[in-house]
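> Let me begin by handing over the structure; questions about it come next.
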Amino acid sequence: MTRVRRAWLIAAVLIAIAIAAAILVRSPSGSRAAAPKGPSAVTVTTAPIVQKTVPFKLSAIGNVEPYTSVAVRARVDGEIVAVRFKEGDPVKGGAVLFELDSRPFVAQLDQAKANLAKDRAQLEHAKSQAVRYEDLLRQKFISADAYEQVRATAQASEATVNADQAAVETVQLQLGFCTIRSPIDGIAGRIQIQQGNLVRANDATSLVTINKIVPVNVTFSVPEQNLSDIRRHQAAGDLIVQAHPSGAAHEPVSGRLSFIDNAADMTTGTIKLKAEFANTGMELWPGQFVTVALTLYEQKDALVAPAAAIQNGPNGPYVFVVRNDNTAEVRTVKVARTEGDDTVIASGLAPGERVVTVGQLRLAPGTPVAEAQRTKSS
């Protein structure tokens, strides 16, 4: 009986311990019965809504063109005997580029000068004959017909001398064409016909092309709907154009709008424009494609939000606004335009409100937020 009582006693003690443990778990003071915590705050980066001056720009893709381009060709036939520059060299206007074999023209010039000297001697003789025959006519020793024949011979000799003089000048001009000079300041391109080759006057293949790139032009097209605004703002002063080559590390270069085409392209509905750039540092090179921004005017006191804050949803653009109680609020906004990292807001936000720029994917309406970084207004 003693062992049975002990077994019952042990069983009663175990049951009592189990009941006490269950009561402890359900008790409000127990560690496992602590009240459930609310959702934890999401760490985000925010930036304020500010008012500032924002330029109104038209963006396009442009093509760099030389300010002037000249295809250099020979003006006389001859063999290239010397090339006085290297491909890609900067050349000055008037600098010697090519020399052609001038010996045939030197020989022609000598012959033309000899003919001129001969005919001048004949002219002098004819003139003296005309003077003598005129005196004989006055004395009536010869007939008028004889005098007219002598006078005509003198006039013909004078015309021959004039023709000879023109021939000399023509050969001298051709001799000068044997030295081919650069017509402009610019950069020499690839030599198309090398030394030793025979070239012909005005051949279809140019010897070399010289491009003037200081200054340089950039052509681009914008929708024809912008034409009236462009013309109106250009009438008030020069319009600034910025060009930035793709992948370039340096800042965009600035120029001015210099040309508006006199007709729109009916197939594309665009109008072609041209801007001139000083290009003293040769940042732009002919043939490059560049990103172009034409500034029409400056919008003052524009309401600006960081472009990174703008999200797109089924109802249009929206942002997450951080309320005073540090919870997120979804706000639908109307976007006027985006300029670089700035988005101009037409409606939906007020100056000073803070919007989330990083961390939107973890937010929902009413989510508590903790601002890890507060971007200052610029």
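The values are calculated or read from the model by the stated rules, or taken from the named source; none is laboratory data. None of these values were measured; they are calculated from a predicted model. Methodologically, a virtual Cβ is constructed for each residue, glycine included, from the backbone with ideal geometry; neighbour enumeration extends over all protein chains shown. For the accessible areas, the whole protein counts, side chains as well, though only heavy atoms, and no ligand, DNA or RNA atoms are used. Shrake-Rupley method; radii C 1.70, N 1.55, O 1.52, S 1.80 Å.
> Step through the residues of the stretch 86-102 one at a time and calculate ³J(HN,Hα) from phi using the Karplus curve (6.51 cos²θ - 1.76 cosθ + 1.60, θ = phi - 60°), rounding each to whole Hz and writing x for Gly and Pro.
Those phi angles translate into 10, 4, x, 6, x, 10, 9, x, x, 5, 6, 9, 9, 10, 9, 4, 9 Hz.
> Per residue, what accessible area does the stretch 222-378 have, given a 1.4 Å probe and all protein chains present, in Å²?
Per-residue value: 58 Å².
> If you don't mind, another one. Taking 22 Å as the cut-off for C-alpha to C-alpha distance, list the pairs among Lys57/Lys334; Lys52/Lys334; Lys52/Lys274; Lys57/Lys272; Lys57/Lys274; Lys300/Lys334 that go past it.
Listed pairs above 22 Å: Lys52/Lys274.
> How much of the accessible area of the stretch 281-323, in percent, comes from carbon and sulfur atoms when a 1.4 Å probe is used?
52
> In Å², and per residue, what accessible area does the stretch 56-128 have when probed at 1.4 Å with the other protein chains present?
Each residue of the stretch 56-128 exposes 58 Å² on average to a 1.4 Å probe.
> Can I ask one more? What ranking, highest mean first, results for peptides 186-193, 44-51 when packing means the other Cβ atoms within 10 Å averaged over each residue?
Highest to lowest by the protection proxy: 44-51, 186-193.
> Sticking with this one: Tell me the net charge near Tyr297. Cut-off is 12 Å between Cβ atoms, Tyr297 excluded, with +1 for each Lys or Arg and -1 for each Asp or Glu.
So the environment of Tyr297 carries a net charge of +1.
> Setting aside same-chain residues fewer than 8 positions from Lys86, which lysines have a Cα under 28 Å from its Cα?
Lys86 reaches Lys212.
> Please compute the net charge surrounding Arg323, taking Lys and Arg as +1 and Asp and Glu as -1 over other residues with Cβ under 14 Å from its Cβ.
Local net charge: -2.
> For the stretch 185-191, just list the computed ³J(HN,Hα) in residue order, Karplus coefficients 6.51, -1.76 and 1.60, θ = phi - 60°, integers in Hz, with x standing in for Gly and Pro.
6, x, 10, 6, x, 6, 6
> Same structure, new question: Output the peptides 319-326, 63-70, 88-95 sorted from most to least packed, where packing is the average of other Cβ atoms within 10 Å over each peptide's residues.
Packing order, densest peptide first, comes out as 63-70, 319-326, 88-95.
> Now, a different point. For a quick check of your reading of the filter: which trypsin sites (Lys or Arg not before Pro) in the stretch 118-154 sit in a DSSP loop and have no more than 13 other Cβ atoms within 10 Å?
In loop regions of the stretch 118-154 (DSSP not H, G, I, E or B), the sparsely surrounded trypsin sites (Lys or Arg not before Pro) are Lys140.
> Mind checking which of Ile230, Thr332, Ser254 is farthest towards the positive end of the chain's charge dipole, using Cβ charges of +1 (Lys, Arg) and -1 (Asp, Glu) about the Cα centre?
The Cα lying farthest towards the positive end belongs to Thr332.
> Counting only residues 5 or more places away or on other chains, whose amide H sits under 5 Å from the amide H of Val72 once H atoms are built in the peptide plane?
Distant-sequence amide H within range of Val72: Leu207, Val208, Thr209, Ile210.
> May I ask you to give the percent of accessible area on the stretch 112-255 that is carbon plus sulfur, with a probe radius of 1.4 Å?
49
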